[in-house]
Amino acid sequence: MEERKASSQWGSRLGFMVAALGSALGLGSLWRFPYIAAENGGGLFVLVYLIFIVLLGVPLMAAEMAIGRSSQSSPVRAYGTLATKHKRAWQSIGALGVITGVLILSYYSVVAGWSLDYFRLSLTGGLPTSNDIDAFKGVFGELLKSPGTLLFWHVVVMLCTAWVVGRGVKGGIEQVTEWLMAILFLILIVLLGYSMTLPTFIDSVKFVFGFHAEDFTSESVLEAAGHAFFTLSLGMGAMLTYGSYLDKRSGVLSTAVLVSVMDTVASLVACLVVFPVTLNGGITELKEGGPGLVFNTLPLSAQALPFGGVWISVVFALLFVAALASTVSLLEVPVSVLIDSFGLARRKATALAAGVITLLGTPAALSWTPGFFSDGMTKIFGKSWFDLVDSLSANWFLSLGALGTCLFIAFAMDRKQLAAEFVRNHEGGRKLFQLWFLTTTVVSPIIIVVVFLKTLNVF
Ligand code: TRP
């Protein structure tokens, strides 16, 4: 397979790693992980999650990157060109990925918009100053019921994302993500340093690493597996697309390991930033926070701190920065397909994809508007549009895409060509390749199928 031309390649191996990390490290790690860890009992959940990162995450990320780099093409074409037979059928994995990415971005962008609105509120004094959690919940509820505000920020997020993607791989995604990640880690370290000075820090560490088996259920296992895919941006071809911009000399396995480790560390740090402040604010039941943990409980608790207001602004800026590097990777998937398979110029492809996704996000933003998608009006399978798209894409399509990729590795790709991807770069040689191959083609599919059957209540 011919390499892509230099303008559509990463400038450096570090640039590729940072871009992949930027994709992974987003709202999944900073907003979602702390509250689901709290809901599912802390330590035990964290342990199961770590096991899934090792058994599902790392192998699959290496698989996606290897498929991308080996084919030097966008998802749909990649599966077609690499398959030894039934090319068309295998292409559908790529097509499913594009649909999944479009769906995820359409509501992810709305959530990223929440953090922008909270950032604005924190700067303009719009957040309550009382010690009343209901006042904070009121602000959150108010936001969800303001379609104009939600749409406005959704469009802002999409515009920022399209601006980065439109500038291309090296000059846009790579350059901007490097900046975003530098800012992100700086903020995260400062916040962690601050949390460490709080008397509740030790209790938080105990919570994150101590077992609370009573809150851990079989649902928690599903949650941990699903989150492992989501947080590492797997199952829809994002890492495949990023891998396709990699030259033939750089290895993928070490990048997959590094990105997974860094994303996991950031998720744990997020807990150690959120929990101490929350506990310090007098809230002892972390698991009550739910999705509002970072948006309600945290601002309430932060008030008690010196410079609490500034602290909160910084947190919401952090969320937005993290989200943006992820939305960029989500948009890049359909854009690369439009460029590769339909011959569109990058700018046109970006405008088209971003436009469609912005429209698709509109019903997501209206999901809480009374009389529209909630409160007795239009509900689809008893769910609001937002919840429906979220569970369909994040729970079902991602796992389906992941399973497809594992089967592709097992049955469709030439074994020698695959081995060359790993051995050529001296990444541990044949033994390591065989271990990876076994995990990807046997262990991961079994876990995914079991999780599927369990979700369907088959046993
Ligand atoms: N991983 C990101 C997060 O944790 C979200 C994300 C970006 C994503 N690209 C993806 C999720 C691709 C699934 C698939 O917030």
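Derivation of every value follows stated rules applied to the coordinates shown; laboratory data play no part. These figures come from a predicted structure and were not determined experimentally. Cβ: placed from backbone, ideal geometry, glycine included. Neighbour counts: every protein chain shown.
I need Lys5, Lys383 ordered by Cβ neighbour count within 10 Å, fewest first.
If I rank by nearby Cβ atoms, fewest first, I get Lys5, Lys383.
With Kirkwood's inverse mean 1/r over C-alpha pairs for Rh, give me the Rg to Rh ratio of the stretch 140-210, two decimals please.
1.18
What are the radius of gyration and Dmax of the stretch 173-304, computed over its Cα atoms and given in Å?
In order Rg, Dmax, the Cα atoms of the stretch 173-304 give 17.6, 54 Å.
Ranked highest first by average number of other Cβ atoms within 10 Å, how do 79-85, 27-33 line up?
Packing order, densest peptide first, comes out as 27-33, 79-85.
Which aspartates and glutamates have a Cα less than 15 Å from the Cα of Lys87, not counting those fewer than 8 places away in the same chain?
Partners found: Asp414.
Would you grab the residues whose amide H sits under 5 Å from the one on Lys145? Only those 5+ places off in sequence or on another chain, please, with H modelled 1.01 Å from N.
It is none; the list stays empty.
Return Phe207, Phe307 ranked ascending by Cβ neighbour count within 10 Å, so the fewest neighbours appear first. Write out the running numbers ahead of the final one.
Details: Phe207 23, Phe307 11.
Listed from fewest to most nearby Cβ atoms, that is Phe307, Phe207.
Hey, what angle do you get for helix 444-455 against the long axis of the chain, alpha-carbon based, 0 to 90 degrees rounded to 10?
50 degrees
Mind pulling up the Rg/Rh value for the chain? Radius of gyration and Kirkwood radius, both on Cα.
Radius of gyration over Kirkwood radius for the chain works out to 0.96.
Rank the residues Asp263, Asp414 as a footprinting-exposure proxy: fewest other Cβ atoms within 10 Å of their Cβ go first.
Asp414, Asp263
Let's test this: bin the Cα-Cα distances of the stretch 24-115 at 10 Å from zero up to the farthest pair and state each bin's percent.
Calculated over all Cα pairs of the stretch 24-115, the distribution is 14, 31, 33, 19, 4 percent.
Can you return the lysines within cross-link range of Lys287? Criterion is Cα-Cα under 19 Å, with same-chain partners fewer than 8 residues away left out.
List returned: Lys137, Lys206.
Which far-off residues, 5 or more places away or on another chain, put their amide H under 5 Å from the one on Gln9, with H placed in the peptide plane?
Amide H neighbours of Gln9, under 5 Å, 5+ apart: Lys170.
Could you sort 45-55, 429-439 so that the peptide with the highest average Cβ count within 10 Å comes first and the rest follow in order?
The peptides rank, most packed first, as 45-55, 429-439.
Sum up the charges of everything whose Cβ sits under 15 Å from the Cβ of Arg167, counting Lys and Arg as +1 and Asp and Glu as -1, but leave Arg167 out. Working shown, then result.
Values: positive: Lys170, Arg346, Arg347, Lys348; negative: Glu174, Glu178, Glu332.
Taking every Cβ under 15 Å from that of Arg167, the sum is +1.
Over the alpha carbons of the stretch 1-157, what is the largest minus smallest coordinate on each principal axis, giving the biggest first in Å?
64, 39, 33
HN-Hα J couplings of the stretch 317-323 from phi, Karplus 6.51/-1.76/1.60, θ = phi - 60°, integer Hz, Gly and Pro as x?
4, 4, 4, 5, 4, 5, 5
Just to confirm the number: angle between the C-alpha axis of helix 429-438 and the first principal axis of the chain, 0 to 90 degrees, nearest 10?
60 degrees
What is the helix-to-structure angle for 58-71, meaning the angle in degrees between its Cα long axis and the longest Cα principal axis of the chain, kept from 0 to 90 and rounded to the nearest 10?
Once rounded, the angle reads 50 degrees.
Can you work out ³J(HN,Hα) from phi for every residue in the stretch 21-28, in order, using Karplus 6.51 cos²θ - 1.76 cosθ + 1.60 and θ = phi - 60°, giving whole Hz and x for Gly and Pro?
Here the 3J(HN,Hα) series is 5, x, 5, 5, 7, x, 4, x Hz.
Through the Karplus equation 6.51 cos²θ - 1.76 cosθ + 1.60, θ set to phi - 60°, convert the phi angles of the stretch 293-305 into ³J(HN,Hα) values in whole Hz; use x for Gly and Pro.
Working through the residues one at a time gives 3, 7, 8, 10, 5, 5, x, 4, 5, 5, 4, 6, 7 Hz.
Test of understanding: extend the Cα→C-beta vector of Glu214 to 7 Å, then name every residue of the stretch 276-310 with backbone N under 15 Å from that spot.
284-288
So for the stretch 216-276, considering every pair of alpha-carbon atoms, how many percent are separated by more than 20 Å?
43 percent
Give me the aspartates and glutamates in straight-line cross-link reach of Lys348: C-alpha distance below 18 Å, same-chain residues under 8 apart excluded.
Candidates past the 8-residue exclusion: Glu332, Asp340.
Rg and Dmax of the stretch 302-376, using alpha carbons, in Å: what are they?
Spelled out, the Cα radius of gyration and Dmax of the stretch 302-376 are 18.5, 56 Å.
Could you work out the mean projected area of the convex hull around the alpha carbons of the stretch 1-78, in square nanometres to one decimal?
Averaged projected hull area, Cα only: 6.6 nm².
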